[in-house]
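Data first, discussion second: the structure below is written as structure tokens.
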Amino acid sequence: MKLPRIAYILLWFPKPSETFIFREVVNLRRRGLPIDVFTIYGELSRKLYSEMQGYRDVRRLGIPVLKRLPGDIAYWCRKKPEVVWELFRTVPIRKWKSLEFGGENIFAFLCGFTLARMFEKEAFDHIHAPWAMGPATAAWIASRLTGIPFSFAGRAGDIYPPDGALKEKIRDSLFVITDNMTNVPYLNGFFPQGASKIYGIYNGIDSGPFKEATVAMKPPYQLLALGRFDRIKAFDVLLHACGILKKSGLDFHLTLAGDG
């Protein structure tokens, strides 16, 4: 059985804050799945974990792609003028949720033309974007131009609030995955006709190195929160919840561990 050749599209790879995506790619490759990783931006070299350092099996676009974009866009204008006209008439003028994300999506939109040409030439079978913003925009454009099916994942800040093309990405995708079951009905709401192709799949983790530990369930209850001290980790929500616990008279102690 011939396994499908898959193109993974990301902004950066590897990225220190995206260990779950790094492990996903590494483990799928170990299982024999032919995956090629493409990044819209350049290379990150700071704060990489030891297993990420020196990981070179990545094809990056970045600023150098600007040299070949005119030729790639012209190629698709000759081959599929109606599709290109429709994309340029609708995508760049979408209402994006911020200037930062607008710039990300427009650059990803342009990179989609270059990626489409690469995917067509190398006969990829599927395109996947682990994020619903720029990576999914590039995957969507490449899919529209080549006819290669695509999928993407919607997780957190990439779908809250939604970007200007989330509905169309869901509509045209082969399937959508999310690692939070709350997101399933949320994503269904953008395109109810496609509800059957939205799946909740948790991020996997190898539990082998860990052992069960005895937990003393008696006050003061010890609460531990691990994570990067960043807005998207919602520690403010945790502190608000602890305020409710304190008002209710629960005896507990919270420990926050992280950086940032």
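I want the local charge near Pro34. Using Cβ-Cβ distances under 10 Å, sum +1 for each Lys or Arg and -1 for each Asp or Glu among the other residues.
Residues near Pro34 contribute +1 overall.
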How large, in percent, is the carbon and sulfur part of the accessible surface of the range 186-225 at a probe radius of 1.4 Å?
60
Could you give the dipole magnitude of the range 161-260 about its Cα centre, charging the beta-carbon of Lys and Arg +1 and that of Asp and Glu -1, in debye to the nearest 20?
220
If you place +1 on the Cβ of every Lys and Arg, -1 on the Cβ of every Asp and Glu, and leave all else neutral, what size is the dipole of the chain about its Cα centre, to the nearest 20 Debye?
380
Using a simple spin-label model with points 7 Å from Cα along the Cα→Cβ vector, what separation in nm is obtained for Lys47 and Tyr160?
2.2
Loop-only check: which trypsin sites (Lys or Arg not before Pro) in the range 60-137 are DSSP coil with at most 11 other Cβ within 10 angstrom?
Lys95
Relative contact order of the range 158-260 (C-alpha contacts under 8 Å, at least 6 apart) in percent is 23
Under 5 Å between amide hydrogens, which residues at least 5 positions from Gln222 or on another chain qualify, with H placed 1.01 Å from N in the peptide plane?
His253
Output the relative contact order of the chain, whole-number percent, from Cα pairs under 8 angstrom with separation of 6+ residues.
14
Computed about the Cα centre, the charge dipole of the range 1-65 from +1 Lys/Arg and -1 Asp/Glu charges at the Cβ has a magnitude in debye, to the nearest 20, of 140
Counting Lys and Arg as +1 and Asp and Glu as -1 over every other residue whose Cβ sits under 15 Å from the Cβ of Ile93, the net charge comes to +1
First measure r as the distance between the Cβ atoms of Ser248 and Ala213, then evaluate 1/(1 + (r/R0)^6) with R0 = 25 Å and state the FRET efficiency to the nearest 0.05.
0.40
Excluding Phe109 itself, calculate the net charge of residues whose Cβ lies under 13 Å from the Cβ of Phe109, where each Lys or Arg counts +1 and each Asp or Glu counts -1.
-1
Here the range 25-37 yields Karplus 3J(HN,Hα) values (6.51, -1.76, 1.60; θ = phi - 60°; whole Hz; Gly and Pro given as x) of 5, 4, 6, 5, 5, 5, 7, x, 6, x, 10, 10, 9
In Å², what does the accessible area per residue of the chain work out to with a 1.4 Å probe?
58
What FRET efficiency, computed as 1/(1 + (r/R0)^6) with R0 = 41 Å and r the Cβ-Cβ distance, is obtained for Ala225 and Arg5, rounded to the nearest 0.05?
0.55
How would you order 143-155, 215-227 from highest to lowest mean count of nearby Cβ atoms within 10 Å?
143-155, 215-227
Roughly how many nanometres apart are two label points built 7 Å out from the Cα toward the Cβ at Arg94 and Leu256?
3.4
With point charges of +1 on the Cβ of Lys and Arg and -1 on the Cβ of Asp and Glu, referenced to the Cα centre of the range 30-136, which listed residue (Ile73, Tyr55, Ala123) lies farthest in the positive direction of the dipole?
Ile73
Residue-span extension gain [Arg23 to Glu86] - 0.36 nm each, minus C-alpha spacing:
19.0 nm
Calculate what fraction, in whole %, of the accessible area of the range 1-137 sits on carbon and sulfur atoms when a 1.4 Å probe is rolled over the protein chains.
58
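The values are calculated or read from the model by the stated rules, or taken from the named source; none is laboratory data. Quick caveat: nothing in here was measured; it's all calculated off a predicted structure. For neighbour counting, all protein chains shown are included, and Cβ atoms are generated from backbone atoms with ideal geometry for every residue, glycine included. Surface accessibility is based on the protein's heavy atoms, side chains included, excluding ligands, DNA and RNA. Shrake-Rupley method; radii C 1.70, N 1.55, O 1.52, S 1.80 Å.
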